[in-house]
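Just so it is clear, none of the values below were taken in a lab; they were calculated from the coordinates. Here the structure is a predicted model, which is why all the values come from computation and not from measurement. Cβ sites come from the backbone with ideal geometry, for glycine too, and all protein chains shown count toward neighbours.
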Amino acid sequence: MRASRLARKIELSDEQYRIIERAAATRSQTPDAFLAQLIEELRDRHTDPRYYETDDWLRHLGVSEEVIAEVNRELADEAADADA
């Protein structure tokens, strides 16, 4: 049996939408994807509100996926150099 999904609409002012649009752009996301991720983060806070994984913390701060990937590459390179 398939679970049905209900759709809801929310009205936003132009200013509110622009704020969401700008926040989404900092994460290289669409406004829809940004809001979906924000809702998931809010849901997750109820299960463990005290801790973030590093990448999740950076996302929470608004860091883009590209910057996070670059930081992870640099850390991997530093770890490889330390092992050499």
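Distance between the pseudo-spin-label points of Val67 and Asp83 (7 Å out from Cα toward the beta carbon): 2.8 nm. Taking 7 Å steps out from each Cα toward its Cβ at Trp57 and Glu40 produces label points 2.0 nm apart.
Across q = 0.18, 0.28 Å⁻¹, the stretch 14-83 modelled as identical point scatterers on its alpha-carbon atoms has Debye log10 I(q)/I(0) values of -0.78, -1.20, in the order of the q list. Look at the dipole of the chain built from charges on Cβ: of Ala84, Ala7, Ile19, the Cα furthest out on the positive end belongs to Ala7. Selection among Leu42, Val71, Thr54 by position relative to the dipole of the stretch 14-83 gives Leu42 as farthest towards the positive end (Cβ unit charges, Cα centre). Assuming charge only on the beta carbon of Lys and Arg (+1) and of Asp and Glu (-1), the dipole of the chain about its Cα centre is about 860 debye to the nearest 20.
A Förster distance of 41 Å, applied to the separation of the beta-carbon atoms of Asp14 and Leu75, puts the FRET efficiency at 0.50.
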